[in-house]
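Asker: Structure provided below as structure tokens; questions to follow.
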Amino acid sequence: MSYRYLGNKARLADWIVGEIGRVLPRGATVADPMCGTASVSLALARAGYAVTAADALTFPVMHARTRLLAKRPPEFSAFGGYRDALGWMHAVASTQGYFFREFGAAGSPANGRAPRLYFSAQNAAHIDGIREGIRTLRSDGALTEVEHSLMLHHLILATNKVANISGTYGYFRSALSAAALRPLTFEPHTFEDTPGRHVVLQGAVEDLAHKLIADAVYLDPPYTKRQYAGNYHILETLAREDEPVAAGEGGLRPWMDQASDFCYRRGAGNAFRATLKNLDVGHVFISYSEDGQVQEDELMQILREFGTVALQEQSHVRYRSNAQVKDGAVMERLYHVEVF
């Protein structure tokens, strides 16, 4: 699944799961309550673990349901099958709705500013047509939860490929790129019949921590000041199927209710403590970059309040959302806390 995403662990997933495998036997239960694109969740499932995936945002939940719960193509009886559902997404009639108005190159945003060039006019109208159709199918009871999530998963991936952005959705390019002029495409999903019984939840880790029943928890908290809720507001709107006020020049949805304390230098340490305090598991694994808000010595001190700590490191290519972000290698750290 090709996806440019802050902190994406797709390239590190096998290493992370390999380190977890040194501690936990196949068949154990692992919770991944900050799952993002669910790359590590899927890698854990492939390795034979039962996985509980969750996230505070809605669009990662759509990815997790698709990657973990859709172990084979759903029936899609409303269309006659999965391939026909993809065909419908490609051919559905376009409409000039919310996305066309607020995020399309020929739009007229409600706040009176010039069109926001997140998408070509054609793609914005196509997105609106798909959104309207999916909402109607869902309200008519024609889609199961997994089918609904799978269709939104496809819409999010297709939208992401043609978005006129440099990395995240904080703002758009000043002119439409060649990629943004391409039509939406819907590539078939590769379904994986992983052996474990998986669960997908939604909620902030601080709220879910005390509810998680697992042998271990894998935490992948944000490590920079960039809030995911703001930087991926358009994908969140696709997943929520709503039409929020598109505020300011960038058209951001209201997102402060989904802000993470891990993104704030003054709050990140306490966020680690609050989360660990509420977990009732024998092992906690934590991915954290050397670029993180909490420095290594401070984080080690926090973690040692809760158990014996071991540390593994892996160098990998730093994520660059735009030309201003420094490039080169960055050290990813995987902390293992064997809880007292």
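Asker: Could you state the angle between the C-alpha long axis of helix 265-278 and the longest principal axis of the C-alpha atoms of the chain, as a value from 0 to 90 degrees rounded to the nearest 10?
Answerer: With rounding to tens, the tilt is 70 degrees.
Asker: How large is ³J(HN,Hα) for each residue in the range 72-89, as worked out from phi by the Karplus curve 6.51 cos²θ - 1.76 cosθ + 1.60 (θ = phi - 60°), to whole Hz, x for Gly and Pro?
Answerer: Result, ordered by residue: 8, x, x, 5, 6, 4, 5, 10, x, x, 5, 4, 5, 5, 5, x, 4, 4 Hz.
Asker: LYS277: which lysines have alpha carbons under 24 Å from its alpha carbon, excluding same-chain residues fewer than 8 sequence positions away?
Answerer: The reachable lysines, counting only those whose Cα sits under 24 Å from LYS277, are LYS211, LYS225.
Asker: Binning at 5 Å from 0, report for the range 243-287 what percent of all alpha-carbon pair distances ends up in each bin.
Answerer: Taking every Cα pair in the range 243-287, the percentages come to 5, 16, 17, 17, 13, 12, 10, 7, 3, 0.
Asker: How big is the C-alpha Rg of the range 1-69 next to the rule-of-thumb value 2.2 N^0.38 Å, as a ratio? Present the calculation step by step, with values, prior to reporting the outcome.
Answerer: Working: Rg = 11.3 Å, N = 69, 2.2 N^0.38 = 11.0 Å.
Expressed relative to 2.2 N^0.38 Å, the Cα Rg reads 1.03.
Asker: Still on this structure: For the range 115-246, restrict the atom set to alpha-carbon positions and state the Rg and Dmax in Å.
Answerer: In order Rg, Dmax, the Cα atoms of the range 115-246 give 17.3, 50 Å.
Asker: Mind putting a number on the dipole of the range 133-225 about its Cα centre? Charges go on the C-beta only, +1 for Lys and Arg and -1 for Asp and Glu, and I need it in Debye to the nearest 20.
Answerer: Numbers: 8 positive and 10 negative charges, 109 e Å.
Magnitude of the dipole: close to 520 debye.
Asker: Say the dipole of the chain comes from +1 at the beta carbon of Lys and Arg and -1 at that of Asp and Glu; which of ALA114, HIS233, HIS198 then lies farthest toward its positive end?
Answerer: ALA114
Asker: Hey, another quick one. Compute the signed sum of charges (Lys and Arg +1, Asp and Glu -1) over the other residues within less than 11 Å, Cβ to Cβ, of TYR82. Before the final figure, lay out the partial values.
Answerer: Values: positive: ARG72, ARG83; negative: GLU75, ASP84, GLU147.
Overall, the nearby charge balance is -1.
Asker: Could I ask something else about it? Quick query: amide H of LEU219 versus all other amide H atoms, modeled in the peptide plane; which residues come in under 5 Å with a sequence gap of 5 or more or a different chain?
Answerer: Those qualifying (amide H under 5 Å, at least 5 residues apart or on another chain) are PHE285, ILE286, SER287.
Asker: Ok, one more. Mind listing the phi-derived Karplus ³J(HN,Hα) values for the range 161-167, rounded to whole Hz, using 6.51, -1.76 and 1.60 with θ = phi - 60°, and x for any glycine or proline?
Answerer: With coefficients 6.51, -1.76 and 1.60, one gets 6, 10, 5, 8, 10, 8, x Hz.
Asker: Could you work out Rg/(2.2 N^0.38 Å) for the range 55-109, with Rg from alpha carbons only?
Answerer: Values: Rg = 15.6 Å, N = 55, 2.2 N^0.38 = 10.1 Å.
Cα Rg divided by the expected 2.2 N^0.38 Å: 1.54.
Asker: Okay, moving on. Tell me the mean residue ellipticity at 222 nm calculated for the chain from its helices only (DSSP H runs of n ≥ 4, each -39500 (n - 2.57), averaged over every residue, nearest 500).
Answerer: Values: 12 runs with 115 residues, N = 340.
Value at 222 nm, helices only: -10000 deg cm²/dmol.
Asker: Amide H neighbours of GLY307 under 5 Å, at least 5 residues apart or on other chains, H built in the peptide plane: list them.
Answerer: Long-range HN contacts for GLY307: PHE340.
Asker: Based on alpha-carbon atoms only, what is the radius of gyration of the range 53-153 relative to the globular estimate 2.2 N^0.38 Å?
Answerer: On the way: Rg = 15.3 Å, N = 101, 2.2 N^0.38 = 12.7 Å.
Relative to the rule-of-thumb radius for its length, the range 53-153 sits at 1.21.
Asker: What ranking, highest mean first, results for peptides 185-191, 290-296 when packing means the other Cβ atoms within 10 Å averaged over each residue? Provide the component values of the computation, followed by the final result.
Answerer: On the way: 185-191: 13.0, 290-296: 16.4.
Ranking, from highest mean packing down: 290-296, 185-191.
Asker: So, one more: Using a cut-off of under 11 Å, list every residue of the range 1-43 whose amide N is near the label point 7 Å from the Cα of ARG226 along the Cα-to-beta-carbon line.
Answerer: Taking a point 7 Å out along Cα→Cβ of ARG226, the residues of the range 1-43 whose backbone N falls under 11 Å are 4-8.
Asker: Over all alpha-carbon pairs in the chain, figure out the percentage whose distance exceeds 26 Å.
Answerer: Details: 28677 of 57630 pairs.
Looking at the chain, the distances longer than 26 Å represent 50 percent of pairs.
Asker: Based on the Cα atoms of the range 167-307, what semi-axes does the equivalent ellipsoid have, where each is the square root of 5 times one gyration tensor eigenvalue, given in whole Å with the largest first? Mind showing how you got there, number by number?
Answerer: Numbers: eigenvalues 207, 95, 46 Å².
Over the Cα atoms of the range 167-307, the ellipsoid semi-axes are 32, 22, 15 Å.
Asker: Now for a separate question. Mind checking the log10 I(q)/I(0) for the range 183-251 at q = 0.17, 0.27 Å⁻¹? Debye, one equal scatterer per Cα, no solvent, two decimals.
Answerer: -1.07, -1.25
Asker: Just how large is the dipole of the range 55-140 about the Cα centre, in debye to the nearest 20, putting +1 at every Lys and Arg Cβ and -1 at every Asp and Glu Cβ?
Answerer: On the way: 11 positive and 7 negative charges, 48 e Å.
The dipole of the range 55-140 has a size of about 220 debye.
Computed from the coordinates by the stated procedures, all read-outs in this text should not be read as laboratory data. As the structure is a computational prediction, the values presented were derived from the model and not from experiment. Don't worry about glycine lacking a Cβ; one is built from the backbone with ideal geometry, like all the others, and counts go over all protein chains shown.
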